[in-house]
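The structure under discussion appears below in the form of structure tokens.
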Amino acid sequence: MSDVSEAITRAHHEEWARVVAVLTRRFGDLDIAEEAAAEAFAVAVERWPADGVPPNPGGWLTTTAHRRAVDRIRRESKRDDKQKEARVLYGDDPPEPVDVFDGAVEDAIEDERLRLIFTCCHPALAPETRVALTLRMVGGLTVPEIARAFLVQETAMGRRITRAKAKIKAARIPYRVPSAEDLPVRVSGVLAVLFLIFNEGYLATGPDTGPVRPGLTAEAIRLTRLIRALMPDDGEVAGLLALMLLIESRRTARVSASGELVALDQQDRGAWDAALIAEGHRLVRERLASGVAPGRYQILAAVNAVHTSARDVRDTDWSQVVALYDQLVRLDPSPIVALNRAIAVAELDGPEVALAAVDRLEGKLAGYHAYHVTRADLLRRLGRSGQSRAAYDRAVELAGNTAETAYLIRRRDQLG
Amino acid sequence: MQYLLSVIHDSSALATSDEMAAIDVFNDRLQAEGHWVFAGGLGGPDTATVVDNRGGEALFTDGPFVESKEYLVGFWIIEAADLDVALRLATDGSKACNRKVEVRPFL
């Protein structure tokens, strides 16, 4: 990659959300901001190779996007009403001079990006819409990229995003960081969106994509780092970042050369990413030292810290893992948490005890592939091959991920 | 900015006295905080008549324009700065009348 195209890629990563956020604030319209930002990057692709990369790419892109937005509004207001132009251009908040990136302005822009994220993850939007809008407006992915990521037709994804922008405007979903009263719930809504993006990347749900999609996990981590930079004191934000880093650290060890999922106890731990693990552990230690009671992401990060601390699977401190799941069950008594706790119990108290706990979840989890995967494994360890085979069959039927299906079929066929 | 808060329910049974009392408290608060525009309860779909005068000759039809299990039983029209404010009021309104509430902006 040439220096210029590298600079453009970097600017896209670093500046896209800022440009969209600042323009949304100035023009009060996500659609105008998005289009103008896209145009500004297109102009950069055209001009930077000849003119050179400007000394302040963010300022250059914002100014260019601003001019494009003004052009569009002039064009449209010539067509319809002049009043709209006046209202948009000289509205309540006159635009701040953001071309000068001094410290105070920098803070104001960070604040703008936070507003943008909260708007995209507003609870009045459907969850899948929040994901799509966040990837578009904050992540800067194109509509075709997002459509491919979620196996949705491009036109359908385009409509979803257009409809969301129209609703934000018509229903006046506010462009601001929520009030202190709403903040905890709204932050957890944002984190849920980011974790969804991450999970789809880490274990793709459908059979029509690669089993692991590093583009999505990387994007989720990047956006979570951004939130972390914007809200450094929030424990759950730190927890989610740590959780993602510690899971991501095992990504390359997780699928074999033959395209099969590799279970945690079978992974080549030497292939784990030591830098990501170190960063994840640092965050977990920081949260422990804070003395504040942890939320679900911090607890899950701690579970993953236990796994990534063991150089050999036999060194895993399972009593610690079970204790953490006990803590999580108190916060979130959902059957999925109970299932994960049972998996750890199997290592501590044996598969028989774990199976009894898993069987109690049948009513709630009979349609969930991981329930059958867990049962199949426990039954196999107990030598109950026939029942294990039936559970593997059910798991294979329900699993969508190609690498997981391949793994389950091999395990089933190895049963005596 | 004005919003229509539609009260949706599957029966046109009147609110209980507890619900009425809670609605009164909520209405007083809407007025005190400057959100109040208008509100009302509606007769059930059985009491509806549809009028169609698009063809020049008015046609009256007995019953609602669409049959559905749940329907509009009442509404508030409120003044609110943005959707967050409207949703917070709708949350309290739903609790007060013990029914679902749909929030829609006026254009």
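Of all residues in the range A:24-34, those satisfying the criterion of being within 24 Å of the chain's Cα centre (by Cα) and of a type outside the set (Val, Ile, Thr) are A:30, A:31, A:33, A:34.
Selection of the range B:56-107 for residues being within 14 Å of another protein chain (Cβ to nearest Cβ), assigned to a loop (DSSP other than H, G, I, E, B) and among the acidic types (Asp, Glu) yields only B:82.
Among the conditions (1) surrounded by fewer than 20 Cβ atoms within 10 Å (Cβ to Cβ); (2) in contact with a helix residue (DSSP H, G or I) (Cβ under 7 Å, 6 or more places away or on another chain), the only one that residue A:256 does not satisfy is (2).
All of A:46, A:6, A:39, A:15 fail the test of being within 19 Å of residue A:223 (Cα to Cα) and open to solvent by 10 Å² or more (accessible area, probe 1.4 Å), apart from A:15. Does the range A:374-383 contain at least one residue that is surrounded by fewer than 22 Cβ atoms within 10 Å (Cβ to Cβ) and touching a residue at least 40 places away in the same chain (Cβ under 8 Å)? For the range A:374-383, residues surrounded by fewer than 22 Cβ atoms within 10 Å (Cβ to Cβ) and touching a residue at least 40 places away in the same chain (Cβ under 8 Å): absent. The residues of the range A:122-169 include none that are open to solvent by 50 Å² or more (accessible area, probe 1.4 Å), under 16 Å from the mean Cα position of the chain (by Cα) and within 14 Å of chain B (Cβ to nearest Cβ). Of all residues in the range A:228-247, none that is without any contact (Cβ under 8 Å) to a residue 40 or more places away in the chain and more than 16 Å from residue A:288 (Cα to Cα) has its Cβ atom under 7 Å from the Cβ atom of a residue that is open to solvent by 10 Å² or more (accessible area, probe 1.4 Å) and aromatic (Phe, Trp, Tyr), 6 or more apart or on another chain.
Does residue A:353 meet the test of being surrounded by fewer than 19 Cβ atoms within 10 Å (Cβ to Cβ) and of a type in the set (Val, Ile, Thr)? Here the answer is yes, as residue A:353 does meet what is asked. Among the residues of the range A:386-416, those that are closer than 19 Å to residue A:366 by Cβ, of a type in the set (A, V, I, L, M) and in a helix (DSSP H, G or I) comprise A:390, A:391, A:395, A:396, A:398, A:408.
On the stretch given as the range A:176-212, residues that are more than 14 Å from chain B (Cβ to nearest Cβ) and outside any loop (DSSP other than H, G, I, E, B) total 16. Restricted to the range A:386-405, and to residues there that are of a type outside the set (Val, Ile, Thr) and open to solvent by 40 Å² or more (accessible area, probe 1.4 Å), the residue that is nearest to the chain's Cα centre (by Cα) is A:398. Please determine whether any residue of the range A:11-27 is more than 23 Å from residue A:227 (Cα to Cα) and out of contact with any His (no Cβ under 6 Å at 6 or more places or on another chain). Scanning the range A:11-27, I find at least one residue that is more than 23 Å from residue A:227 (Cα to Cα) and out of contact with any His (no Cβ under 6 Å at 6 or more places or on another chain), so the answer is yes.
Scanning the range B:42-65 for residues that are open to solvent by 70 Å² or more (accessible area, probe 1.4 Å) and under 19 Å from residue B:99 (Cβ atoms) gives B:42, B:46, B:47. Which one is surrounded by the fewest Cβ atoms within 10 Å (Cβ to Cβ) among residues in the range A:283-309 that are in contact (Cβ under 8 Å) with a residue 40 or more places away in the chain and not in a helix (DSSP H, G or I)? Selected residue: A:292.
For the range A:202-240, the candidate set comprises residues that are in contact with a helix residue (DSSP H, G or I) (Cβ under 7 Å, 6 or more places away or on another chain) and among the hydroxyl-bearing types (Ser, Thr, Tyr); within that set, the residue that is farthest from residue A:139 (Cα to Cα) is A:202. Apart from one condition, residue A:271 fits all of (1) over 19 Å from residue A:234 (Cα atoms); (2) crowded, with 20+ Cβ neighbours inside 10 Å; the exception is (2).
The values are calculated or read from the model by the stated rules, or taken from the named source; none is laboratory data. These numbers were taken from a predicted model, which means no experiment stands behind them. Don't worry about glycine lacking a Cβ; one is built from the backbone with ideal geometry, like all the others, and counts go over all protein chains shown. Just so you know, the surface numbers come from the protein's heavy atoms only, side chains and all, with ligands and any DNA or RNA stripped out. Shrake-Rupley method; radii C 1.70, N 1.55, O 1.52, S 1.80 Å.
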